[in-house]
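This report concerns only the one structure given below.
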Amino acid sequence: MKPMVTIYSSDTCPYCIATKEYLKSNKIEFIEKNITNSDIARSELMKMGYMSVPLIIIDDEIIEGFDQEKLASILNI
């Protein structure tokens, strides 16, 4: 079963870009919620108690920042 992956990102965040490229290169599908372009995404992020991106949610697991080792471990890649 494929994991549900959501990334909160912004246009100017190099770690967001790196995270998305890493997931794409490993053929992991994800939903992007860009806080630069969406007040709703920004509000969701803040309601969860976070102020920085990337914030990656994999099923019920939350990863703050681009942590390649943790991503690989959770996604089995």
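Select the helices (runs of 4 or more DSSP H) contained entirely in the chain, then report the ones holding at least 1 residues which are of a type in the set (Val, Ile, Thr) and exposed (fewer than 13 other Cβ atoms within 10 Å of the Cβ). Steps first, please.
On the way: elements: 14-25, 39-47, 68-75.
It comes to 39-47.
For region 21-48, which residues satisfy the criterion of being charged (D, E, K, R) and touching a residue at least 24 places away in the same chain (Cβ under 8 Å)?
GLU29, GLU32, LYS33, GLU44
Each reported figure results from applying straightforward, stated rules to the coordinates on display, with no laboratory input. Keep in mind it's a predicted model, so treat the numbers as computed, not measured. Glycine gets a Cβ as well: all are built from the backbone with ideal geometry, and neighbour counts include every protein chain shown.
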